[in-house]
Every structure is written in structure tokens, then in C-alpha cells.
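Q: First the structure, then my questions, so here it is.
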Amino acid sequence: MEQVDQAVAKLQLLEEMPVEVSFLETVKGRLIQNGIDRLEALGVTDLLVIPLFVSSGSTHVDEISYALGVKAAPDKETDLEPFRLKARVHFGSPLDDGEDVARMVWDKVRPLSVDPAREVILLVGHGSAHNGFLQRWEQGISSLARTVQNVSGIITDHALLNPEGVHDKAAYWNQERGHDVIVAPLFLSSGYFTSHMIPKRLQGLDYRYLGDPLLPHPLLTSWMDRQIRELMQNMQKQARIDNK
């Protein structure tokens, strides 16, 4: 939470543009409905929403977009009730891929690289057991792997915790192909998955791993700045169309 607040504090926003950092659950007083209420109390009529999630395959992205009225129904059943809001919602995209995200990944694992010609970077993401969501995870992480490879100059592959593919993929590159495996966790913050689950899935294998998540990193602010500019441009374009 603190690292997200710090990244948002550095945004290049217009002085008159208020901002709220809200969370889906557990953070009392800073839930999404709290953020909506505070912004609408200031007279906000348009909400630029940036879903700060690693992948479009997250079920949370789906349920939040539904609860905000961006889509008529969720792709997966949810207990999340529609939010109370009057403002128009302009919904952005999760991190997924792109050069900013690839550079964040590379910066986190760069200290582990010794001999790039003999190494492979293995991106490890959460994944999903749900049809449709798994495909979005695969699409995003495979695209990101290609961009990380372009940025780092090191062969880059990917695997998901769900469904399990991490052990087999790491074993393939290390034992069959003879590469040193550098594991890059595709998570925003440290926690159970980075400290426990990933090492457990790799038990018995040779690999290099720091366990550092994407945050903190200055490029997250750059990524959010770009999202805001794109949302504003689209909003202004739509306003011109509506006024014709």
C-alpha cells in the first residue's frame, strides 16, 4: 500500500485534478467506494480509473469493471455489488506488457545476470483456473516475455503457478538446455507467492532468485502517467463526437 501511494504521489497531474488510491478490500476507509464518494463530493463528473493489476486475466479486473458499470455483466460470478456512483467512468488497462513493464522486470533481475549467453529469464505469474481468464494471462505474459527478451538481450520464457508449469519449465531450460535460470516473479508486491509458493514450486532445481516484486520502481509512475494521458485523450475525443 505504501509503495503504491509513493508511486502515485509522483504523478504529473494537473493541479486541479484530485486523485484517490483505493483498494478492493481490507484497507478500512480506502476501499473503492470510499474513493468514489470522496471524489464525487468534490464535484468530479468523470473518473479515470487505472486498474493496478499485473494481468487482464485477473478476475478482480473483471469484477471491478462490472461493479463500476463499465460492462453489463461480469465474465465470472462475483459477490462484488455495483458501486454507488454518478460520474462517468473511463477504465484503463492492467500492466500486462509493454516496454515500461519489461524494463521494470529487467531492472529487478539484472543483478543476477552473469553470462547472458548462457542464461534464461523465466517470468512467473499467478495465472488462473478459469477459462477465458487463463487465456488472457497467457497472452499478456507471453507478450511481456518477448519484450523482456528484447530489452535484456537474454532469452526469456514464462510459466504460471496456476495451472502449475513452473517446475517443468525451469527444469527444461536448466537440465535439458543447459541454461542458468533467472526467475522473475511477476507480482506487484512481496508476499506469500513470492516468498513461499515460487521457491516451493522450484524445489530441487538450480536457479537464481531474489524474489523482488515489481514495486517499488519509478517506471510504474511513468506507466500510470501514460494511462492517464490516453484516457483523457479518449475522453476528449468522445466529447467532440458527442457535441457534433
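Q: For segment 99-157, enumerate the residues that are in contact with a Leu (Cβ under 9 Å, 6 or more places away or on another chain), surrounded by fewer than 19 Cβ atoms within 10 Å (Cβ to Cβ) and hydrophobic (A, V, I, L, M, F, W, C).
A: Within segment 99-157, L112, L134 qualify.
Q: Assuming S189 fulfils every condition listed in (1) modelled with pLDDT of 95 or more; (2) in the same structural domain as G125 (by the TED database) apart from one, which condition is it?
A: (1)
Q: Looking only at helices (runs of 4 or more DSSP H) that fall completely inside segment 133-244, which ones have 1 or more residues that are of a type in the set (D, E) and under 20 Å from the mean Cα position of the chain (by Cα)?
A: 133-152, 218-243
Q: Can you tell me which of I32, I36 is within 25 Å of L186 (Cβ to Cβ) and either assigned by the TED database to the domain that holds R226 or surrounded by 13 or more Cβ atoms within 10 Å (Cβ to Cβ) (or both)?
A: Testing whether each residue is within 25 Å of L186 (Cβ to Cβ) and either assigned by the TED database to the domain that holds R226 or surrounded by 13 or more Cβ atoms within 10 Å (Cβ to Cβ) (or both) leaves just I32.
Q: Just a yes or no: is a residue in segment 66-73 within 28 Å of S143 (Cβ to Cβ), surrounded by 18 or more Cβ atoms within 10 Å (Cβ to Cβ), outside the structural domain of I141 (by the TED database) and aromatic (F, W, Y)?
A: yes
Q: Select from segment 43-63 the residues that are out of contact with any strand residue (DSSP E or B) (no Cβ under 8 Å at 6 or more places or on another chain) and closer than 24 Å to Q238 by Cβ and list them in ascending order.
A: Within segment 43-63, G43, V44, I50, L52, S56, V61, D62 meet the criteria.
Q: What do you reckon, is Q203 surrounded by fewer than 18 Cβ atoms within 10 Å (Cβ to Cβ) and either of a type in the set (A, V, I, L, M, F, W, C) or at pLDDT below 95 (or both)?
A: Answer is no for this residue.
The values are calculated or read from the model by the stated rules, or taken from the named source; none is laboratory data. Please read all numbers here as calculations on a predicted model, not as lab measurements. Here the Cβ is made from the backbone with ideal geometry for all residues, glycine too, and neighbour counts use every protein chain on show.
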